[in-house]
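Trainee: Let me begin by handing over the structure; questions about it come next.
The values are calculated or read from the model by the stated rules, or taken from the named source; none is laboratory data. As the structure is a prediction and not an experimental result, all values here were calculated from the model. Glycine also receives a Cβ, built like all others from the backbone with ideal geometry; neighbour counts cover every protein chain displayed. Please note that ligands, DNA and RNA were not included when accessible areas were found on the heavy atoms of the full protein model with its side chains. Shrake-Rupley method; radii C 1.70, N 1.55, O 1.52, S 1.80 Å.
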Amino acid sequence: MLFRSVLPRNTQYEIAGRLVAAKRHTHAAQAWDLFLKRYPADREANEVRLMLAFINARYLNDPVRAKALVAQARAAGLNERQQAMARDLESDLG
């Protein structure tokens, strides 16, 4: 694993987002995983879970992890837009 420690919340979130934008999906997934470990109840945690599910499904070939992340997000409660994202992911995953 490239990352070993978690940065302050905003910095960790921003770095993970920049890694996604740079299409460095493996590193982005690691950064999002660390974010969720350190900030599991954060206001953005469900967005992060869904983004991480998308990365795992689309780029890391890990549909099992993707499904688990969608289930975790659903269990935490999703808003309407997030529910649509979760449905789309579940549809893609089969």
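Trainee: Which of (1) surrounded by fewer than 16 Cβ atoms within 10 Å (Cβ to Cβ); (2) free of Cβ contacts under 8 Å to residues at least 24 places away in the same chain is the odd one out, the single condition Gln72 does not satisfy?
Mentor: (1)
Trainee: To continue, here is another question. Which condition number does Met1 fail, the rest of (1) open to solvent by less than 80 Å² (accessible area, probe 1.4 Å); (2) modelled with pLDDT under 95; (3) not β-branched (Val, Ile, Thr) being met?
Mentor: Unmet for Met1, out of (1) open to solvent by less than 80 Å² (accessible area, probe 1.4 Å); (2) modelled with pLDDT under 95; (3) not β-branched (Val, Ile, Thr): (1).
Trainee: Would you mention how many residues in the range 52-76 are polar (S, T, N, Q) and over 15 Å from His27 (Cβ atoms)? Let's see the steps before the verdict.
Mentor: At the first step, the residues of the range 52-76 found to be polar (S, T, N, Q) are 56, 61, 72.
Keeping just the survivors that are over 15 Å from His27 (Cβ atoms) gives 61, 72.
Result for the range 52-76: 2.
Trainee: Looking for something more than 23 Å from Gln30 (Cβ to Cβ) and not in a helix (DSSP H, G or I) - is there at least one such residue anywhere in the range 44-51?
Mentor: Going through the range 44-51, the residues more than 23 Å from Gln30 (Cβ to Cβ) turn out to be none.
Taking every residue of the range 44-51 in turn, none turns out to be more than 23 Å from Gln30 (Cβ to Cβ) and not in a helix (DSSP H, G or I).
Trainee: For Ala21, are the conditions met, namely being in contact with a helix residue (DSSP H, G or I) (Cβ under 9 Å, 6 or more places away or on another chain), free of Cβ contacts under 8 Å to residues at least 24 places away in the same chain, at negative phi and of a type in the set (A, V, I, L, M)? Steps first, please.
Mentor: Numbers: in contact with a helix residue (DSSP H, G or I) (Cβ under 9 Å, 6 or more places away or on another chain): yes; free of Cβ contacts under 8 Å to residues at least 24 places away in the same chain: yes; at negative phi: yes; of a type in the set (A, V, I, L, M): yes.
Considered against the rule, which asks whether it is in contact with a helix residue (DSSP H, G or I) (Cβ under 9 Å, 6 or more places away or on another chain), free of Cβ contacts under 8 Å to residues at least 24 places away in the same chain, at negative phi and of a type in the set (A, V, I, L, M), Ala21 comes out as yes.
Trainee: Among (1) assigned to a helix (DSSP H, G or I); (2) open to solvent by 40 Å² or more (accessible area, probe 1.4 Å); (3) under 23 Å from Leu93 (Cα atoms), there is one condition Leu36 misses while meeting the rest; what is its number?
Mentor: For Leu36, the failing item is (2).
Trainee: If you don't mind, another one. Criterion first (on the phi < 0 side of the Ramachandran plot, outside any loop (DSSP other than H, G, I, E, B) and either surrounded by 20 or more Cβ atoms within 10 Å (Cβ to Cβ) or out of contact with any His (no Cβ under 8 Å at 6 or more places or on another chain) (or both)) does Ala41 satisfy it? Working first, answer last.
Mentor: Numbers: on the phi < 0 side of the Ramachandran plot: yes; outside any loop (DSSP other than H, G, I, E, B): no; either surrounded by 20 or more Cβ atoms within 10 Å (Cβ to Cβ) or out of contact with any His (no Cβ under 8 Å at 6 or more places or on another chain) (or both): yes.
So Ala41 fails the test.
Trainee: Right, something else. Sort through Leu60, Leu19 and tell me the only one that's in a loop (DSSP other than H, G, I, E, B), surrounded by 15 or more Cβ atoms within 10 Å (Cβ to Cβ) and over 10 Å from the mean Cα position of the chain (by Cα). Can you show your working first?
Mentor: Details: Leu19 fails: in a loop (DSSP other than H, G, I, E, B).
Exactly one of Leu60, Leu19 is in a loop (DSSP other than H, G, I, E, B), surrounded by 15 or more Cβ atoms within 10 Å (Cβ to Cβ) and over 10 Å from the mean Cα position of the chain (by Cα), namely Leu60.
Trainee: Among the listed residues Arg49, Arg38, Arg43, Arg9, which satisfies the condition of being within 22 Å of Leu78 (Cα to Cα) and under 10 Å from the mean Cα position of the chain (by Cα)?
Mentor: On the way: Arg38 fails: under 10 Å from the mean Cα position of the chain (by Cα); Arg43 fails: under 10 Å from the mean Cα position of the chain (by Cα); Arg9 fails: under 10 Å from the mean Cα position of the chain (by Cα).
On inspection, the qualifying residue turns out to be Arg49.
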